[in-house]
Amino acid sequence: MAEDKDLRYDPATIELKWQDRWASDPKLYAAEPASSKKPKYYVLEMLPYPSGQLHMGHVRNYAIGDALARQMWMRGYNVLHPMGWDAFGLPAENAALKNNTPPRQWTLANIAAMKRQMLRLGLSYDWATEVTTCLPEYYRWNQWFFLRMYEKGLVYRKKSKVNWCPECATVLANEQVVDGCCWRHEDTKVEQRDLEQWFLRITAYAEELLQGLKTLEGWPEKVRTMQRNWIGRSEGTEVDFTVESRPEKIRVFTTRIDTIFGATSIQLAPEHPLVQALTVSDHALAAQIAGLIDEQKKARESGDMGEIEKHGIPTGQIAVNPYNGDLIPIWVANYVLMDYGTGAIMSVPAHDERDFEFAKKYSIPIKRVIAFADSKAEEPELPFTVEDGVLVNSGEYDGMTCSQAQELLQKAAARSAFGEAKVIFRLKDWGVSRQRYWGTPIPMIHCERDGLVPVPDDQLPVILPEQIEITQQGGSPLGRVPSFVNTTCPKCGGPARRETDTMDTFVDSSWYFYRYTDARNSNAPFDPATVQYWFPIDQYIGGVEHAILHLIYSRFWTKVMRDLGLVKNDEPARRLFTQGMVIKDGAKMSKSKGNVVSPDDMVARYGADATRMYALFAAPPDRDLDWQEDGVAGVSRFLGRVWRLVTKHAPQAKSVAGMQDLEALAATVSFFLGPSHKLLRKLHQTIAKITQDFEGRWHFNTCVSAIMELVNELQDADAQLTAGEVPAPVVLELLQYLVLLLAPFAPFLAAELWEELGGHGSVLRAPWPKSVPGLAMEDEIEIPIQINGKLTSVVRVAAGANAKTIETAALSDEKVRVRTSGKNIVKVIVVPGRAVNLVVK
Ligand SMILES: [Zn+2]
Ligand SMILES: [Zn+2]
């Protein structure tokens, strides 16, 4: 069928026209001040790293947030919907090396390019609140927070391991270590070196970070579980074992103090101080220990300590069990880590899988101290790791349950001062030092006389020098800039050196969403009153890859800011949504696989509306989406049908002045006879479905299909619409509401058609349609009929039928007539819309 040329949907023309109009109206997406009478809604998508190009994962993330923001605006909320740039980080330095472009220039050009893409996609961001983390007006507040934390004792320095390439003579980030070698020197082994590093004391908040997860009911359970495991709280006991012929004591941590009578060896981490002491005079042992350290390092690099093949070395030393005086050998084991617990464990092979495996391998005795609670039961097979047994071979504790014994053993240790109850966490303090250039300078000064001196607030920001040559030379890049390094000590006025480490970029993203509320404030990170109005974030949307680090760090930052009196909320975000990935041909998109789909290509071919709407339509938002170009083409054709349908019937719709009370009109008989009723019913069912979905499940894919079904019905009724069989007020409602329903998903087309239909003002401020239950109701409903309380039959009646009509229908039902023939119907009880009860004698 040849299409009328004038009736061709042309997304490029429509979208560029509206992009221009929106750009000339900076107030359009601006949040109202806190004095606004409207309820507030803060919807936030995670800010991107400015790589220079959006990928489809971004488009999907932003399309979800944008649909939500638009719908909330239409529902009358005061919406804050900002965007910014996580703009520090290593790729800018790599690009500088490769292309000889200064990191700042490279980054800002990338930001400009991505912003152009976002504008072309029609995303509803308030650019007046844009935050760029690599600019001094932002990172000065990183420095300010760092100093506040330093004052509170939440910042400290300690020696810590870094990756060191001897060839580059510099520190490498973890991602620059490839198979244990330098990314630039494939055959140079990366060494671990001890370097003074800055840490934030996140462990001070470990318990609160854990407990707070209980309040985050709007977060996915999987994210809460991942955080819980990352924090890794264990309750247990610390106990001191003395060493038979030496002055040292060994403190072990155990969660199973009830099994201590079954301890048959002590296992130390290779880096345990006692091991270090023993190796001073024993070179053979020192060499063996070095081997264990090496194995541990390899296992850490491969990322899976749990899979390490267990090795141990006996030290020849003997430990004494403080409870019963048992003498047990002291070993060093590669699976014991110095940074977990105390770096020493008691090995109870009868009741621990790992200890059992180790004891079998090295023929260490196995002593059973827990039995089944039922005394008649057989001996349990070892290792027997349950905690609901009773103690045996444990002296005065025999016969007690595990939990009773745990409590009493803990008390005994405390009484005799050789141990105590202890809660430990797997969570480590946050190492924020980076020996890199493109990050926030740490605002500290080293003075020979005064030691560490914080930079005074009035000297902030410590500006990152921009004219810098990025080379492969050794050391921290800032260390090679004399004008940066050499300064005067704020305390004594003498010559001093600036700290040359920069901050981990996770610092930038830990609080950026607070800055959006007051992005141009030059006196403070933000105004606390404004933050109090907007926080917590109502809906945060991003990838599940940020479930742990970013989301734990930003929760920590919020709690610190709360304790500084800056915010009142305990948690940054009320609800969190993690969207699925965009894949192609079943695999993650990547350049090496050649399956990358460029958003620009899709927009050029099908328009921004079709690209965005497809990203929402092709899968539920929490699932992975396998990108199919056919699907985008299909959505584009659908939008073309909407465009033709609305443009064709717009003149008829516009012949009425405005919306009328259709519920009242619908009550008249003529409505039920014509096609109007059927169309209005479909419309109001669609409104109800989409409204409900926005509130809960976010299955935008089914929302889009509901709109498609509605459009199908409208097209099927095209002849009737054309013939004027549907009254103009109904046509107007059908078309305007269709456009409003489409607005969160295809904002350009919706704006165009809203104007076409003579809609008032911006479609963004048009009220979200309400579903009228009377109109959404189905034609007929089923009513069950009971005789003397027993279900006998079911009749179909018109929805909304009155009691008399229902009674007549019930009494004329075939089954009812058979059951009641020759009997006396004493009573008929009709519950309209629900049931009929007959009492028969
Ligand atoms: Zn190297
Ligand atoms: Zn000084």
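With respect to the stated conditions, Val369 fails to be β-branched (Val, Ile, Thr) and within 44 Å of the chain's Cα centre (by Cα). Within the range 26-37, none of the residues are of a type in the set (A, V, I, L, M), crowded, with 16+ Cβ neighbours inside 10 Å and under 30 Å from Tyr437 (Cα atoms).
Among residues of the range 440-454 that are at negative phi, those with a beta-carbon under 9 Å from a residue that is near ligand 2 (Cβ under 10 Å from one of its atoms) and among the basic types (Lys, Arg) at least six positions away or on a different chain give the pairs Ile445/Lys491; Cys447/Lys491; Arg449/Lys491; Asp450/Lys491; Val453/Lys491. Please determine whether any residue of the range 175-186 is touching a Lys or Arg at 6+ places or on another chain (Cβ under 7 Å), surrounded by fewer than 15 Cβ atoms within 10 Å (Cβ to Cβ) and modelled with pLDDT under 95. Yes, there is a match, as at least one residue in the range 175-186 is touching a Lys or Arg at 6+ places or on another chain (Cβ under 7 Å), surrounded by fewer than 15 Cβ atoms within 10 Å (Cβ to Cβ) and modelled with pLDDT under 95. Of all residues in the range 365-382, those satisfying the criterion of being under 15 Å from Phe261 (Cα atoms) and part of a loop (DSSP other than H, G, I, E, B) are Pro365, Ile366, Lys367, Arg368, Val369. Output the residues belonging to the range 769-793 that are within 40 Å of the chain's Cα centre (by Cα) and surrounded by fewer than 16 Cβ atoms within 10 Å (Cβ to Cβ). Once the filter is applied, which keeps residues that are within 40 Å of the chain's Cα centre (by Cα) and surrounded by fewer than 16 Cβ atoms within 10 Å (Cβ to Cβ), the range 769-793 yields Lys770, Pro773. Could you tell me which residue of the range 161-176 is farthest from ligand 2 (Cβ to nearest atom), considering only residues that are closer than 10 Å to Thr188 by Cα and assigned to a loop (DSSP other than H, G, I, E, B)? Of everything passing the filter in the range 161-176, Glu167 is farthest from ligand 2 (Cβ to nearest atom).
Is there a residue being within 16 Å of ligand 1 (Cβ to nearest atom) and outside any strand (DSSP E or B) anywhere in the range 514-536? No, because not a single residue in the range 514-536 is within 16 Å of ligand 1 (Cβ to nearest atom) and outside any strand (DSSP E or B). Determine, yes or no, whether Val223 is more than 20 Å from Val507 (Cα to Cα), β-branched (Val, Ile, Thr), in contact with a strand residue (DSSP E or B) (Cβ under 9 Å, 6 or more places away or on another chain) and more than 16 Å from ligand 1 (Cβ to nearest atom). Yes: the conditions hold for Val223. Mind counting the residues in the range 569-611 that are basic (Lys, Arg) and in contact with a Pro (Cβ under 8 Å, 6 or more places away or on another chain)? Of the residues in the range 569-611, 1 are basic (Lys, Arg) and in contact with a Pro (Cβ under 8 Å, 6 or more places away or on another chain).
The set of residues in the range 177-200 that are part of a strand (DSSP E or B), within 14 Å of ligand 1 (Cβ to nearest atom) and charged (D, E, K, R) comprises Lys189, Glu191, Arg193.
Of Val560, Val596, Val531, Val544, all but one fail to be out of contact with any Asp or Glu (no Cβ under 8 Å at 6 or more places or on another chain), modelled with pLDDT of 95 or more and not hydroxyl-bearing (Ser, Thr, Tyr); the exception is Val560. Here Tyr437 fulfils each of the conditions (1) within 16 Å of ligand 2 (Cβ to nearest atom); (2) in contact (Cβ under 8 Å) with a residue 40 or more places away in the chain apart from (1).
All conditions in (1) surrounded by 14 or more Cβ atoms within 10 Å (Cβ to Cβ); (2) closer than 29 Å to Ile14 by Cβ; (3) out of contact with any Ser or Thr (no Cβ under 8 Å at 6 or more places or on another chain) hold for Asp601, with the sole exception of (1).
Which of the residues spanning the range 384-411 are part of a helix (DSSP H, G or I) and buried (at least 18 other Cβ atoms within 10 Å of the Cβ)? Answer for the range 384-411, where residues must be part of a helix (DSSP H, G or I) and buried (at least 18 other Cβ atoms within 10 Å of the Cβ): Tyr397, Cys402, Ala405, Gln406, Leu409, Gln410. Consider Leu154 carefully, then state whether it is within 17 Å of Gln435 (Cα to Cα), surrounded by 16 or more Cβ atoms within 10 Å (Cβ to Cβ), under 28 Å from the mean Cα position of the chain (by Cα) and not β-branched (Val, Ile, Thr). Criteria not met by Leu154. Candidates Gly789, Gly822, Gly774: the one that is of a type outside the set (A, V, I, L, M, F, W, C) and closer than 30 Å to Leu735 by Cβ is Gly774.
Listed here are the residues, each with its yes/no results for (1) farther than 26 Å from His699 by Cα; (2) surrounded by fewer than 24 Cβ atoms within 10 Å (Cβ to Cβ).
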position: Ala719; (1), (2): yes, yes
position: Thr722; (1), (2): yes, yes
position: Glu725; (1), (2): yes, yes
position: Leu753; (1), (2): no, no
position: Pro767; (1), (2): no, yes
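Within the range 116-160, can you find the residues that are more than 22 Å from Trp557 (Cβ to Cβ) and either of a type in the set (A, V, I, L, M, F, W, C) or in contact with a Leu (Cβ under 8 Å, 6 or more places away or on another chain) (or both)? Listed by number, the residues that qualify are Gln117, Met118, Leu119, Leu121, Leu123, Ser124, Asp126, Trp127, Ala128, Lys159. Look at the range 186-199: where a residue is more than 30 Å from Gly153 (Cα to Cα), no partner that is among the hydroxyl-bearing types (Ser, Thr, Tyr) and in a strand (DSSP E or B) sits 6+ places away or on another chain with Cβ atoms under 8 Å. The set of residues in the range 159-174 that are within 7 Å of ligand 1 (Cβ to nearest atom) and at pLDDT 80 or above comprises Cys165, Glu167.
A count restricted to the range 471-494 and to residues that are over 19 Å from Trp164 (Cβ atoms) and either more than 16 Å from ligand 2 (Cβ to nearest atom) or at pLDDT below 95 (or both) stands at 4. The set of residues in the range 52-104 that are buried (at least 21 other Cβ atoms within 10 Å of the Cβ), over 26 Å from Phe535 (Cβ atoms) and without any contact (Cβ under 8 Å) to a residue 40 or more places away in the chain contains only Ala95.
The values are calculated or read from the model by the stated rules, or taken from the named source; none is laboratory data. These figures come from a predicted structure and were not determined experimentally. Please note: Cβ atoms are built from the backbone with ideal geometry, for glycine as well, and neighbour counts cover all protein chains shown.
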